1. Once the piece of chain linking His136 and Leu272 is laid out straight, how much longer is it, given 0.36 nm per residue of separation minus the C-alpha distance between them?
2. Take Ser182, Ser130, Ser45 and order them by how many other Cβ atoms sit within 10 Å, fewest up front.
3. List, in order, the whole-Hz ³J(HN,Hα) value for each residue of region 148-161 obtained from phi through the Karplus relation with A = 6.51, B = -1.76, C = 1.60 and θ = phi - 60°; use x for Gly and Pro.
4. Could you work out the relative contact order of region 3-152, using alpha carbon pairs under 8 angstrom and six or more residues apart, expressed as a whole percent?
5. Per residue of region 229-237, in order, report the coupling 6.51 cos²θ - 1.76 cosθ + 1.60 (Karplus, θ = phi - 60°) as ³J(HN,Hα) in whole Hz, putting x for Gly and Pro.
6. Just how many % of Cα pairs in the chain lie over 31 Å apart, if you round to the nearest whole percent?
7. How much length is gained if the chain between Tyr168 and Ser114 is pulled fully straight, taking 0.36 nm per residue apart and subtracting their Cα-Cα distance, in nm to one decimal?
8. Which length gain, in nm to one decimal place, applies between Asp199 and Glu264 when the Cα-Cα distance is subtracted from 0.36 nm times their residue separation?
Amino acid sequence: MPGPIGIFDSGYGGLTVFREIEARLPEYDYIYFGDNARAPYGVRSFDTIYKYTLECVRHLFKMDCRLVILACNTASAKALRTIQQQDLPHLAPGYRVLGVIRPTTELVGRITHSGHVGVLATPGTVQSESYVLEVHHFFPQIQVFQQACPMWVPLIENNEHESAGADYFVEKYVQELLMQSSHIDAVILGCTHYPLMWDKIRQAIPAHIHMLAQGQIVADRLADYLIRHPEMEVLCRKTGQRAFFTTETPEVFDTKAGIFYGKEVRSRHFEL
Ligand code: DGL
């Protein structure tokens, strides 16, 4: 039986990806699942992020999602490969889980001319080296320079990202990245929260450097995936329904979610 497409994030960030997916593929049904009660994931250990992500993915499977997108770099970096290679074959062979890192790395390789690419991401994503490994997999000649930005997610989640205080941390992490190489000509915003600070980050990065956010990239790749995998496409229901679940209280989620999603959200609580 066909079911919704599941969109998972540790919290709100995945909504910046979901809004683009929904704009690109409005006819499908979607369930958004934010593990807000346990966010942020970016500062947690590999084992914890893997355990939490798998648990939430299994809940989405139980809600009939045959296809789940990890709209979170941290979860994609630390959990996706193990889920795909070790868990799915015996837990849920007919189900698929996709991430956000591979589509982004495939694109950046075509954009850079200097072969020096920068990544701004959470400490978890940086430590995992996932961007370095994925870029090298497709483009061995490209050098990847990473910068962890531990303050950005808390600033955004506390709605302080427009404040003057945020300027300091934007400037600091961008400078630390650009100091690693003067040839960087493409920078990936490797965290789904960061598009909320797009203007500030854009101002701090010289204009000749390309800046990539993931929403549209992931939406395009999902559309492409559904064309290439008709056996999965028929399992994705098309009645245009949306549902939002949060492990936090819905009142808290709904207040902040609109900032990321761009329109009003009415969520339901999910008890883990
Ligand atoms: N939105 C998540 C990402 O893309 C990070 C948020 C978190 O640390 O939980 O990496």
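Any read-out appearing in this document is the output of simple, stated calculations on the displayed coordinates, not a laboratory observation. It should be emphasised that the depicted structure is a prediction, and the values quoted were computed from it without experimental measurement. So basically every Cβ, Gly included, is an ideal-geometry build from the backbone, and we count neighbours across all protein chains shown.
1. Details: separation 136, 0.36 × 136 = 48.96 nm, distance 3.73 nm.
So the extension gain works out to 45.2 nm.
2. Details: Ser182 8, Ser130 26, Ser45 11.
Final ranking by Cβ density, sparse to dense: Ser182, Ser45, Ser130.
3. Along region 148-161, the couplings run 6, 10, x, 8, 5, 4, x, 4, 5, 5, 8, 6, 10, 6 Hz.
4. Values: 236 pairs, mean separation 35.3, N = 150.
So the answer I get is 24 percent.
5. With coefficients 6.51, -1.76 and 1.60, one gets 10, x, 5, 8, 4, 5, 8, 9, 6 Hz.
6. Working: 7852 of 36856 pairs.
For the chain, the share of Cα pairs beyond 31 Å comes to 21 percent.
7. Numbers: separation 54, 0.36 × 54 = 19.44 nm, distance 2.82 nm.
Stretched out fully, the Tyr168 to Ser114 stretch lengthens by 16.6 nm.
8. On the way: separation 65, 0.36 × 65 = 23.40 nm, distance 2.24 nm.
Stretched fully, the Asp199-Glu264 segment lengthens by 21.2 nm.
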